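Worksheet for the structure shown next.
FYI, it's all coordinate maths here, none of it is from the lab. This is a predicted model, so every value here is computed, not measured. Using ideal geometry, Cβ is built from the backbone for each residue, glycine included, and neighbour counts are taken over all protein chains shown.
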Amino acid sequence: MYSQKTQKELILNIVKKMGVVRVHDLTARGLHHESLRRLCKDGLLIKSSRGLYELADADVTEHHSLVQVAKQIPHAIFCLLTALQFHHIGTQSPYKIWIAIDRRAGKPQTDYPPLRVVRFTGSALSEGIEVHDIEGVKIKVYNPAKTIADCFKYRNKIGIDVALEALRECSREQCCSNDELWYYAKICRVAKVMRPYLEAIV
């Protein structure tokens, strides 16, 4: 059994390495969750969300909110407006974080950051995923071509103008090829919808 002092030192080292930790990350290593409360009281850690802790003086990135979500919902894939923002495509700056989860998955239980959840299935869920290491945490986000196809699929929710802006900018900046766009258009079953727009930019 670790002493209180040793537990605090071990926890701080783990948080430094992982960036954001859940209570489970510590209890799985034989550390007591009460030490988290003490470290927060001492001003060394902060509780950033339900069950999430990080260093009070952490050097965070622009994607810190995605890190928080990825720790709480490891199976989440960042999509639509959040993926556009991640890839610096278009002008969207969504208040909520858009995530895709399996249609059969339970509703995520989080209080912060605010989420917008969409449910995918099959290849529409599993294809086009990139994995990025942000602040020591692996996050999953759809690549630009898959994201644009998703935007056309959800055009009634986000607006066709958003999908068109993303498509034009992606073509102009060569974020992906027309073949990739066509591939994901078929996966997302929006090939007929996207065809005239794809032909117009060729």
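Please label the shape of the range 141-202 as rounded, prolate or oblate, based on the square roots a ≥ b ≥ c of the eigenvalues of the alpha-carbon gyration tensor (a/c under 1.5 means rounded; beyond that, a/b larger than b/c means prolate, else oblate). Numbers along the way, then the final one.
Values: a/c = 1.21, a/b = 1.17, b/c = 1.03.
Rounded shape, in that the Cα axes give a/c under 1.5.
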| request: With springs connecting C-alpha atoms under 10 Å apart, model the chain as a Gaussian network and identify which of GLN72, GLN174, GLN85 has the largest mean-square fluctuation. | output: GLN174
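Let me know the longest stretch in the chain that avoids all chymotrypsin sites (Phe, Trp or Tyr not before Pro) found in a DSSP loop with at most 15 other C-beta atoms within 10 Å.
Values: sites that count: TYR2, TYR95.
Here the longest run is 96-202.
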| query | Once the Cα atoms of helix 191-201 and of the chain are each reduced to a long axis, what angle between those two axes, in degrees from 0 to 90 to the nearest 10, is obtained? | reply | 80 degrees
| field | Paramagnetic reach from HIS88 (point 7 Å along Cα→Cβ, amide N under 19 Å) across the range 148-191 | value | 148, 165-177
| remark: Given Cβ charges of +1 for Lys and Arg and -1 for Asp and Glu, the option among VAL137, ALA105, ILE148 whose Cα lies farthest towards the positive end of the dipole of the chain is ALA105
| Among the aspartates and glutamates, which have Cα under 19 Å from the Cα of LYS153 when same-chain residues fewer than 8 positions away are ignored? | ASP102, GLU127, ASP161, GLU165, GLU169, ASP179, GLU180, GLU199
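What FRET efficiency, computed as 1/(1 + (r/R0)^6) with R0 = 45 Å and r the Cβ-Cβ distance, is obtained for THR27 and LYS157, rounded to the nearest 0.05? Write out the running numbers ahead of the final one.
Numbers: r = 39 Å, r/R0 = 0.87.
Once the sixth-power term is evaluated, E becomes 0.70.
If you scale each eigenvalue of the Cα gyration tensor by 5 and take the root, what three semi-axes come out for the range 9-144, rounded to whole angstrom and sorted largest first?
29, 16, 13
Let's see if you can work this out: charge +1 on each Lys and Arg Cβ, -1 on each Asp and Glu Cβ, no other charges. What is the dipole magnitude of the range 15-172 about its Cα centre, in debye to the nearest 20?
Working: 24 positive and 17 negative charges, 124 e Å.
Value, rounded to 20: 600 debye.
At 222 nm, what helix-only mean residue ellipticity would the chain give, in deg cm²/dmol to the nearest 500, using -39500 (n - 2.57) for each DSSP H run of four or more? Could the numbers behind the result be given before it?
Details: 11 runs with 97 residues, N = 202.
Roughly -13500 deg cm²/dmol at 222 nm, from the helical runs in the chain.
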